[in-house]
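Colleague: Let me begin by handing over the structure; questions about it come next.
The values are calculated or read from the model by the stated rules, or taken from the named source; none is laboratory data. Here the structure is a predicted model, which is why all the values come from computation and not from measurement. Quick reminder, even Gly has a Cβ in these numbers, built from the backbone with ideal geometry, and neighbours come from all protein chains shown. Please note that ligands, DNA and RNA were not included when accessible areas were found on the heavy atoms of the full protein model with its side chains. Shrake-Rupley method; radii C 1.70, N 1.55, O 1.52, S 1.80 Å.
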Amino acid sequence: MSDSKPEDSKSEDPDRRSFLSKVSTLTMAGGLIAGYGAFAGMALRLLYPSHGRKVSWVFVGEAEKIRLNDAIRLQTPTGQAVTITRLKQDGTADDFLALSTTCPHLGCQVHWEPQHNRFFCPCHNGAFDPTGKATEGPPAAARQELAHFPLRIDNGLIFIQVPTEALG
Amino acid sequence: MASIGAWFKERIPLQGEVLRELTNEPVPNHLKRWWFCLGGTPAYLFVVQIVTGILLAFYYQPSPSTAYESVRYITDEVNYGWFFRSLHKWAATLMIASVILHQMRVYFTGGYRRPREVNWMIGMCLLLCTLVVGFTGYSLVYEQLSYWGATVGANISENIPLVGGFLKRMMLGGETYNEKTLPRFFILHAAILPVTMILLLGIHILLIRLHGVTELQFANEPADAPKHFRFLPDHFYTELTIGLVLMILLSALATILPADLGPRADPLTTPEVIKPEWFFYVTFRWLKLFSGTAAVVSMGFIVFVMFCWPLIDGWIRRFTRFQEASVWIGIAAVLTIIGLTVWEAAVEH
């Protein structure tokens, strides 16, 4: 190799140089994209809420203290508002209905309108019957309903299963 | 003195021809009419927003426990706090109004047509940024209407197919409005969006300089009248006059109708009557007319059509005989927007 003539190496140079130049450019661009891409991915992960969801059974009160057709309102540890209504008196968890008062349409709070026997959302005129099923407005068009929460009765005490740790 | 001047001339080589070249762009004659200067108006108001926003940021504290109290403190106790807060609020209102008027002017005079399509798209991005800045700014007050406005706004994004849930969680910092939400809105409002807008504005103005302003000919203008005038000083004086009028108008509005403060946010009670800021009345009414996903997807489609309008209009003009279709479509769109806004303003629910 060392005997090769200078003229030969000169004629090979442009191709080899061009190839090496392309390879190094691509390597450099790839490295930059991978490096900054990883950085962007980590930044996105930093901004995305990191805690998982967790649900637990939470004590509500004594079952016998809620009379037929009465309702109580409570707030879950994550800040959600829930209405628990007594619909029957069989002495089981099915006597009660636990509904979220957060409108499934766009998250406003519904309120009970006794004169219309319905929950009403003032944001976009959504209405729900006493069981939480949408009857009017955009939630009815999308066949939505107020979220239900599971209930349990142990020794006459009501417990509700709600999120205790929110995504955050 | 001469040596100081020479020292600066050597280090900042921006004199003579270079400076004349940069500032003395010939300006088309129609820009002597002030309503053609609506592009400069939002730019001026944007500067007012930056200055007043920086002043307010010295006192504002973005957390649910402190935000409302800090706004009350600015309004009631800080020297001239009420005035600068009111200036910020009214400049935002006028800025959004002038951006919309500017866009309408560009639309109806065909200023978006070839070769200015990209600048229209940048203008659309600026319009969307302006609306989001308005939305996040309104949410920072942490009064009842701003809290529920923010909740509705974040939940709207959840209806976007595929990425909606991700967007909502990124915006709120969780599933629902929580203590991490206000800092996010504040950073968007005071850092990310203004910087984005400055960059977009830079490109917007650069493209205007590269292409020049669309030239309009009016019927009552004599044919031999000069077609252009100089940017410096003639057009600069027009912009200064507009700036002066805007400052007087803003001061008058801030004094006569100062920014008020509603009841503190209550996450457990949505007010019986809830309305967003006037520029979202159209969206709010639209959301009442259709279910969540249908409303959001249709709004997204409308924004997409607006964004691509120069290309769609070009296609219509090339392949159909409806050369002025854009005018009739524009009139129909404006009437629809006005109609929905008035409808939302006129009724409680």
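Colleague: Considering each of A:164, A:131, A:135 in turn, give the residue that is of a type outside the set (D, E, K, R) and modelled with pLDDT of 95 or more.
Modeller: None of the other options fit; the residue is A:135.
Colleague: Can you pull out the residues in the range A:92-106 that are without any contact (Cβ under 8 Å) to a residue 60 or more places away in the chain, open to solvent by 10 Å² or more (accessible area, probe 1.4 Å) and either of a type in the set (Val, Ile, Thr) or in a loop (DSSP other than H, G, I, E, B) (or both)?
Modeller: A:102, A:104, A:105
Colleague: Here's something else I'd like to know. Looking only at the range B:192-200, decide whether some residue is more than 23 Å from residue B:139 (Cβ to Cβ) and of a type outside the set (Phe, Trp, Tyr).
Modeller: yes
Colleague: Give the residues of the range B:266-289 that are at the interface with chain A (Cβ under 7 Å from one of its Cβ atoms) and either in a helix (DSSP H, G or I) or open to solvent by less than 40 Å² (accessible area, probe 1.4 Å) (or both), sorted by residue number.
Modeller: B:270, B:271, B:274, B:287, B:288
Colleague: Just the residues that are touching a Pro at 6+ places or on another chain (Cβ under 8 Å), more than 16 Å from residue A:119 (Cβ to Cβ) and part of a loop (DSSP other than H, G, I, E, B), please, taken from the range A:56-88.
Modeller: Answer for the range A:56-88, where residues must be touching a Pro at 6+ places or on another chain (Cβ under 8 Å), more than 16 Å from residue A:119 (Cβ to Cβ) and part of a loop (DSSP other than H, G, I, E, B): A:76, A:77, A:78, A:79.
Colleague: Taking the range A:107-127, which residues are more than 9 Å from chain B (Cβ to nearest Cβ) and touching a residue at least 24 places away in the same chain (Cβ under 8 Å)?
Modeller: A:112, A:119 - these are the residues of the range A:107-127 that are more than 9 Å from chain B (Cβ to nearest Cβ) and touching a residue at least 24 places away in the same chain (Cβ under 8 Å).
Colleague: While we're on this one: Of all the residues that make up the range B:187-227, how many are within 14 Å of chain A (Cβ to nearest Cβ) and either modelled with pLDDT under 95 or surrounded by 16 or more Cβ atoms within 10 Å (Cβ to Cβ) (or both)?
Modeller: Adding up the residues that qualify gives 1.
Colleague: Restricting to the range A:154-168, name every residue that is over 28 Å from residue B:156 (Cβ atoms) and crowded, with 19+ Cβ neighbours inside 10 Å.
Modeller: A:158, A:160 - these are the residues of the range A:154-168 that are over 28 Å from residue B:156 (Cβ atoms) and crowded, with 19+ Cβ neighbours inside 10 Å.
Colleague: Out of curiosity, is residue B:230 modelled with pLDDT under 95 and open to solvent by 40 Å² or more (accessible area, probe 1.4 Å)?
Modeller: yes
Colleague: What's the total number of residues in the range B:56-82 that are without any contact (Cβ under 8 Å) to a residue 24 or more places away in the chain, in a helix (DSSP H, G or I) and open to solvent by 30 Å² or more (accessible area, probe 1.4 Å)?
Modeller: 3
Colleague: Would you check if there is a residue in the range B:39-52 being over 30 Å from residue B:82 (Cβ atoms) and of a type in the set (Phe, Trp, Tyr)?
Modeller: So far as the range B:39-52 goes, no, none of its residues is over 30 Å from residue B:82 (Cβ atoms) and of a type in the set (Phe, Trp, Tyr).
Colleague: If you don't mind, another one. Do you know which residues across the range B:301-332 are open to solvent by 100 Å² or more (accessible area, probe 1.4 Å), part of a helix (DSSP H, G or I) and of a type in the set (D, E, K, R)?
Modeller: Of everything in the range B:301-332, just one residue is open to solvent by 100 Å² or more (accessible area, probe 1.4 Å), part of a helix (DSSP H, G or I) and of a type in the set (D, E, K, R), namely B:318.
Colleague: Restricting the range B:26-55 to residues that are in contact with a Leu (Cβ under 9 Å, 6 or more places away or on another chain) and not in a helix (DSSP H, G or I), which is surrounded by the most Cβ atoms within 10 Å (Cβ to Cβ)?
Modeller: Looking at the filtered set, the residue picked out is B:38.
Colleague: Restricting attention to the range A:73-99, and to residues there that are out of contact with any helix residue (DSSP H, G or I) (no Cβ under 8 Å at 6 or more places or on another chain) and polar (S, T, N, Q), which single residue is farthest from the other protein chains (Cβ to nearest Cβ)?
Modeller: Here the answer is A:92.
Colleague: Within the range B:235-260, track down each residue that is loosely packed, with under 14 Cβ neighbours inside 10 Å and farther than 15 Å from residue B:43 by Cα.
Modeller: B:237, B:248, B:249, B:252, B:255, B:256, B:257, B:260 - these are the residues of the range B:235-260 that are loosely packed, with under 14 Cβ neighbours inside 10 Å and farther than 15 Å from residue B:43 by Cα.
Colleague: Turning to a different aspect of this structure: Looking at (1) of a type outside the set (Lys, Arg); (2) at pLDDT 95 or above; (3) open to solvent by 40 Å² or more (accessible area, probe 1.4 Å), which is the only condition residue B:22 fails?
Modeller: (2)
Colleague: Further, regarding this structure: Let me spell it out: the conditions are (1) open to solvent by less than 40 Å² (accessible area, probe 1.4 Å); (2) within 22 Å of residue B:277 (Cα to Cα); (3) of a type in the set (Phe, Trp, Tyr); (4) in a helix (DSSP H, G or I), and residue B:90 meets all of them except one. Which number is the exception?
Modeller: (1)
Colleague: If you check B:149, B:123, B:173, B:111, which single one turns out to be modelled with pLDDT of 95 or more and open to solvent by less than 30 Å² (accessible area, probe 1.4 Å)?
Modeller: B:123
Colleague: How many residues are more than 11 Å from chain B (Cβ to nearest Cβ) and surrounded by 10 or more Cβ atoms within 10 Å (Cβ to Cβ) if we restrict to the range A:43-58?
Modeller: Matching residues across the range A:43-58 total 6.
Colleague: Quick one: in the range A:137-153, which of the residues that are outside any loop (DSSP other than H, G, I, E, B) and open to solvent by 60 Å² or more (accessible area, probe 1.4 Å) is farthest from the other protein chains (Cβ to nearest Cβ)?
Modeller: Applying the filter and picking the extreme gives A:152.
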